[in-house]
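Structure, as structure tokens:
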Amino acid sequence: MTVLLIVFEEKLRLTRTADLSDPVEANASTPLLCGPHTSARTGEHDGRLSGVEVAFAPWAAFTLFGTALQPLANEAVGLHELLSTRADDLTDALASAVGWRDRFALLDTVLWEWARRGPEHSARVAWAWQELARKAGAVPIPALARRAGWSQRQMEKRFREQIGLTPKTTARVFRLQRALQLLVSGLSSAEVAVLAGYHDQAHFGHECKAMTGHAPCRFLARRAAGGQDPSFTDRFEGQATGVLLPATARAEGAA
């Protein structure tokens with residue numbers, strides 16, 4: 001997914017798990033657009049946070065924001081850098097709106113207008129992305145390209161532009177999402193590896209560590225600990241998208 005973050009009064013600090021020394025910050029004057037990513041980020045705030053988060057399929061973000069997605073892969077950039085005054089106008093209007101109903105209505109109106117004016121995405125890219133999502137990445141990429149009516153090289157070029165990741169990397173992300181769902185459902189790592197299509201348990205463990213910052217057992221432990229906090233919830237329904245870290249665990253990474 002590609003995510004738009006607009007924080008009204010407080011601050012949200014985002015850092016890559018692999019590089020905690022390189023943070024970006026979302027605040028009232030700096031909304032962020034976060035591209036599709038293959039590694040974890042840690043989000044920190046002071047305990048209270050108000051704002052808007054909107055998740056888009058990457059190909060929809062390509063149209064909405066009128067920019068190639070490849071430079072945004074694994075990055076979070078200021079929306080002003082992409083949209084200039086349009087970003088400032090949206091942020092100011094949302095912050096000054098009377099209530100959440102008005103904010104959501106305003107956001108719908110603005111995004112529809114941006115989509116209408118933006119570059120048209122490829123229907124074949126959208127179909128291929130949805131097919132990878134539907135099958136949790138278990139689709140041979142050459143066969144997917146043939147079904148889309150492209151060579152593999154053509155599809156990779158379009159994916160880099162309108163998804164931000166290659167088809168193979170996109171498949172990795174969807175496969176891990178499926179694997180984590182199976183893991184939190186109570187299956188063992190060995191069972192997950194088989195059902196999600198990994199070579200073996202070690203392969204699953206390596207992918208989980210690389211993309212979430214945690215080995216499978218540590219990921220489960222962190223989720224169990226975070227589940228005791230009533231404020232913890234996954235960002236996307238039906239997905240095991242993260243863990244809640246105590247302040248002292250910042251250096252250990254997060255999903």
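Each value in this text was obtained by applying a stated rule to the coordinates, not by laboratory testing. Quantities reported herein were computed from a predicted structural model and do not represent experimental measurements. Virtual Cβ from ideal backbone geometry, glycine too; neighbours counted across all protein chains shown.
Some observations on this one:
- Using θ = phi - 60° in the Karplus curve 6.51 cos²θ - 1.76 cosθ + 1.60, the 3J(HN,Hα) couplings for segment 45-60 round to 8, 8, x, 9, 8, 10, x, 10, 10, 10, 9, 10, 4, x, 5, 6 Hz; x is entered for Gly and Pro.
- Rounded to the nearest 20 debye, the dipole size of segment 2-117 about its Cα centre is 300 debye, using +1 on the Cβ of Lys and Arg and -1 on the Cβ of Asp and Glu.
- Taking Cβ atoms as reference points and 15 Å as the exclusive limit, the residues near Ala68 contribute a net charge of -2, counting Lys and Arg as +1 and Asp and Glu as -1.
- Here the gap between His203 and Arg86, fully extended at 0.36 nm per residue and compared with their Cα-Cα distance, gives a gain of 37.7 nm.
- Residue list for segment 59-83, given a label point 7 angstrom along the Cα-to-Cβ vector of Ser29 and an amide N cut-off under 19 Å: 77-83
- Separation between Cα centres of segment 30-67 and segment 155-215, rounded to whole Å: 21
- ³J(HN,Hα), Karplus 6.51/-1.76/1.60, whole Hz, each residue of segment 96-104, x for Gly, Pro: 8, 4, 5, x, 5, 4, 5, 4, 5
- For Arg134, the shell of other residues with beta-carbons less than 15 Å away shows a net charge of +3, using +1 for Lys and Arg and -1 for Asp and Glu.
- Segment Ala221-Gln154, extension gain: residue separation times 0.36 nm, minus the distance between their alpha carbons: 19.9 nm
- Gyration tensor (alpha-carbon) shape descriptor, segment 2-117, a/c threshold 1.5: oblate
- Estimated distance in nm for a label pair at Ser39 and Ala55, the labels positioned 7 Å out from Cα along Cα-to-Cβ: 2.2
- Ordering of 164-177, 89-102 by packing is 164-177, 89-102, highest average first (other Cβ atoms within 10 Å, averaged per residue).
- Backbone HN-Hα couplings from phi across segment 185-191 [Karplus 6.51/-1.76/1.60, Hz, Gly and Pro as x]: 6, x, 6, 6, 4, 5, 5
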